[in-house]
Structure formats: structure tokens, C-alpha cells
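Down below is the structure, laid out as C-alpha cells.
The numbers here are math on the coordinates, done by the rules we state, and not lab data. Just so we're clear, the structure is a prediction, and the values are computed from it rather than from any experiment. For neighbour counting, all protein chains shown are included, and Cβ atoms are generated from backbone atoms with ideal geometry for every residue, glycine included.
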């Protein structure tokens, strides 16, 4: 098998703190995505977690980004958190239909479950997951945030239905990376809200990035694609973390559109354990 395609990006592109750092000081909010896509080749869409966008908005995203750019949208929390996947199939179909306005730029769709979704909610997964392959070629990835769900039965279930299990480096969950289909999906999240500003690297997690780089190389050897998305809470500035990870993987990072100097470390930042 040829080495899997590697796509690295951040969880969103609209952060005001990036103005004057990742983006030029004078860039308008409407032009941020176009500039983002000139540097990174993929993005996880955080805004769709809060509401399904209009078709016209999605079409615009597709028009202003390069041909090989990829979007990975999060399913709205009204389906995953509020309703815990119960009786959501028509709404999920509608969400996917809207996101398909991206055409070939639509990547895997993320079903991020909340911490309140436990093993007791397994029947909802048992009902929904087998339906997802009927929406092919759209692919799906599941992230769980309760330890009771991280069992071999879930891994086998996702494998049977060709759904990826997200590997999340998240403060409240064990680090577990298991591929369940022909692509891998990694989310470097960290601890929410630990940084007041998100415009510079504030916590050096080099050892963690070294381990993830090795895991990514291994995953590329037996999958078609590996998607990696970084949160600002991971090191304090997700574009900088993307660059640091890409260096470890031998991928040249493109210059940030608005940045004229290297990433600076905050020497007083406490290490995350």
C-alpha cells in the first residue's frame, strides 16, 4: 500500500487573536479562510458544531479555497449532545446534504459525543452507526468523551461499519489510537481554557509531538489518509503546533500569511500533565 495522504490543520480559522500574527493586521474576517487555505491544506469546521450553515455559505467556502483543500465539519451539538443521537437520522441526512455543497473538498464528518454520552447510551449508537455507510461517499469519524465507551466492542462495531474512531489527545481522556477503517483521524485538544490568549506557543509539548509523529508515520503505512487537527488549547497557538508537527514528519510548512518572525515560547508557562 502506498503511504497514506497526510492532512494537518487547525480546528477553525476565525480566531481574532490570530489577527496580526497568523493573519495580517488589516485582513477582513471574510478573507481569513482564503489566507488560511494558502498555508494549511485542511481544516476542521468548529462553527458547524453550533449550527448548520446556509448552503450559500458552504458554497462560498468551496469557491475561495484551493482545489485540493479539505473541510472536515463537526455535526451540530443539537444532535450529538442535546439529543444524544436519538431520532436524528433525518437531521443528519440534511446536514450532510448541506455540507456536500463542498463537493470533493468534503472530508470525513465528525460525530463528537459529549462527556454525558456513556455506555448507557449505546442503543443510540447501535441504531445510527449502521446507517452511516448509506451516505457514501461521505465518511464519518466518531469521538467519544466517556471512558465507559472505550471498549473492544465499540472498536469492532466501528470497524464493521467503516467508521473511524478519533484518537484524541484530550486532558480528560486516555490517549488511545486505534484505526478502525482505511483512514485515521487525530485530534490534539489539550485542556480547554488554559490560555488567555491564543496567538503564540505557550507550552512546549515536544515530547508529545514526537510520539504523535511516530504514530502518524505508522498509520500512514496502512491507511489511505491521516487527518490531524490541532486545537489552540494544545500548546497555545494551533498554527504553530501544526508547523512543529509537520517538521517532525518531514513536511515543509508554508509561511504564515501574516507572520514575520518565528514562534516564541513563554518560558513561564507550566507544563501540562
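Below are the figures for this structure:
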quantity	calculated
Helix 238-248 axis, angle to the chain major axis (alpha carbon atoms, nearest 10°)	90
Cα→Cβ-extended label distance, 7 Å offset, between residue 126 and residue 31, nm	5.5
Residue order, fewest to most surrounding Cβ atoms within 10 angstrom, among 106, 245	106, 245
Descending principal axes extents, segment 28-149, alpha-carbon based, whole Å	45, 26, 21
Nearest-0.05 FRET efficiency for residue 5 and residue 206, computed from C-beta distance (R0 25 Å)	0.50
Candidates 63, 84, 105, ranked by Gaussian network fluctuation over the chain, Cα under 10 Å, top entry	63
Hull shadow area, averaged, segment 80-125 [alpha-carbon convex hull, nm²]	3.6
At 0.692 mPa s and 37 °C, Stokes D of the chain from Kirkwood alpha-carbon radius, µm² per second	172
Ranked by how many other beta carbons lie within 10 Å on average, peptides 225-233, 38-46, 86-94 from highest	225-233, 38-46, 86-94
C-alpha long axis of helix 55-64 to longest principal axis of the chain, angle in °	40
Choice from 136, 51, 124 showing the highest fluctuation, given a GNM over the chain with Cα pairs closer than 10 Å	136
Two-site FRET efficiency, residue 118 against residue 87, from Cβ-Cβ distance with R₀ of 22 Å, rounded to 0.05	0.75
CD proxy at 222 nm, helix term only [per DSSP H run n ≥ 4: -39500 (n - 2.57); per residue of the chain; nearest 500]	-8000 deg cm²/dmol
Long-range tail of P(r) for segment 116-223 (Cα pairs > 21 Å, %)	44
